[in-house]
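Notes follow the structure.
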Amino acid sequence: MTGEHKEVFLLKTERLYWEDPLGRDFEARILEVIESGGRLGVFLDRTLFHPEGGGQPADKGFLTLLSGEAVVAFGRNDLKIEGVIEEGERVLHLLSGEVSADRLPHRLPEVPEGGWAVRGTIDWEHRFDLMQQHTGQHILSRAFEELLDARTVGFHLGKDYVSIDLDIPALSDEARDRVEDRANQVVFQDLPVSGREYPKDQLPGGIRARFNIDAENIRVVSVGEYDACPCGGTHVVSSGQVGLIKVNQVDRAHGGVRVLFRCGKRALIDYREKERLLGQAASALSMPLGDVPQAVQSTLARLRDLEKDLEEAHEAVLDFQVESRLRALSESGESLVVEAFESLASDRLKYAAKKISESSGKLTVCYSLSPRFSVVVISPSNSPDARDVVSKISSRWGGRGGGTPGYAQLGSKEPLAASSEAVTSSIREIVQKL
């Protein structure tokens, strides 16, 4: 490593996103180009691009090359930024796959002393969305702590929703609504949001923190006098810019409670989609929106009644089939009963086999070719062993099974493409050889 390279490597990247959170573009200089994980990345002397970390995704955007030498080195005017990560005190901007070392005229470009001038432009819609969600999380977490003494122990900012994990065993609807109302009250007050760095031994009191931070200087983000929390993320400049905080779902997680919510534009998009879906349901049912929940409950109740009636009808039909076969069997002197049933589920097949075996007292093999190949073997005297019968059937026709000497079953994930005559004949042959 040369002295010049080492000197560059030890430089810090100036974090413009803390100084100017509403900034959309900036000018900087490329100091170094490296290859990281098969991708090219550039170090700048200053940046508005926030790196991934602290639960917040990275910014996205472009770097426009202002140096003709850089344009020649990269073979293009613009570099798309698709990842931003911290490398010690510096911020590494990862380029899209369109720009790779093997596609460049001279592979890894060598940056001259003084660097290459660039203009950076961040994806503002992406950035503002992240700022709304992150600031909203601070406000909501403080509201949970203020009203319920529930501390936030986990945080995730995803593409569609935000979640926090709370150290409480449960959360009632009433408590959730109170916290949501309080959080939005803070939003509507339009309190100033600011960040300030403190030496770790000079932190002001009342700081809300999820974990201890081992750093000489700690950045604290404040929402008026309402909340103060160590954070290195990007935030709006006033609570009113969060727009709205809406809790969407509450789940159990890791012995506590996980709260899913959306802020600002995400909350609007979610509300719009749910209203559209509810409108479609109301239109299909030809009724006002407010009547849909009761109509759905009534429809489900009727559906359950119909399913019960259908179940009883299926059982009556199956009982009739079994009785008919038992009457035919009473006239036969065979010691073996092999019965095929059309499209019978495994639970019904067990029912039929048990009833036939109990009435006939004979070795009983019942099977169904669909919706999946299923076999039930009942051997009242344990001879032959029902497991042996199932094993032989499995070897011939597939499927897996097992059981006891008196009762065994076989099942396959697929229907059996064979005739019932062929299967019945095969089973009789198998039993006769045992």
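Each reported figure results from applying straightforward, stated rules to the coordinates on display, with no laboratory input. Computed from a predicted model, the values in this text were never measured in an experiment. No Cβ is skipped: glycine too gets one built from the backbone with ideal geometry, and neighbour counts run over all protein chains shown.
Just going by the charge dipole of the chain, with Lys and Arg at +1 and Asp and Glu at -1 on Cβ, which of LEU171, SER324, GLY403 is farthest out on the positive end? Positive-most Cα among the choices belongs to SER324.
For the stretch 360-429, the share of alpha carbon pairs falling in successive 10 Å distance bins from zero is 23, 57, 20, 1 percent.
Between LEU434 and GLU86, the modelled label-to-label distance comes to 6.8 nm, taking each label 7 Å out from Cα in the direction of the beta carbon.
Extension gain, SER194 to SER346: 0.36 nm times the residue separation minus the Cα-Cα distance gives 48.2 nm.
Working from label points 7 Å from Cα in the Cα-to-Cβ sense, the GLU113 to LYS413 distance is 6.7 nm.
Measuring r between the beta carbons of ALA281 and ASP251 and using R0 = 35 Å, the FRET efficiency lands at 0.90.
Eigen-decomposition of the gyration tensor built on the alpha-carbon atoms of the chain gives equivalent ellipsoid semi-axes of 67, 33, 21 angstrom, largest listed first. Helix 420-433 and the longest principal axis of the Cα set of the chain meet at an angle near 70°. Stretching the chain fully between SER383 and VAL153 yields a gain of 76.6 nm (0.36 nm per residue, less the alpha carbon separation). Reported to the nearest whole Å, the Cα centre-to-centre distance from the stretch 396-411 to the stretch 86-106 is 59. If you take the Cα centroid of the stretch 351-386 and the Cα centroid of the stretch 113-182, the two points sit 60 Å apart.
Over 23 Å between C-alpha atoms is what I'm after, so list which of LYS308/LYS362; LYS12/LYS265; LYS12/LYS60 land there. The answer is LYS308/LYS362; LYS12/LYS265. Once the C-beta distance of LEU22 and ARG304 is scaled by a Förster radius of 56 Å, the resulting FRET efficiency is 0.50 to the nearest 0.05. Between the listed residues LEU336, VAL71, ALA183, the Cα displaced farthest toward the positive end of the dipole of the chain, a dipole computed from Cβ unit charges relative to the Cα centre, is found at LEU336.
Other residues with beta-carbon under 9 Å from the beta-carbon of ASP270 carry, at +1 per Lys or Arg and -1 per Asp or Glu, a net charge of +3. Using only Cα atoms, find the angle between the long axis of helix 264-285 and the longest principal axis of the chain, and express it within 0 to 90 degrees, rounded to the nearest 10. Computed tilt is about 30 degrees.
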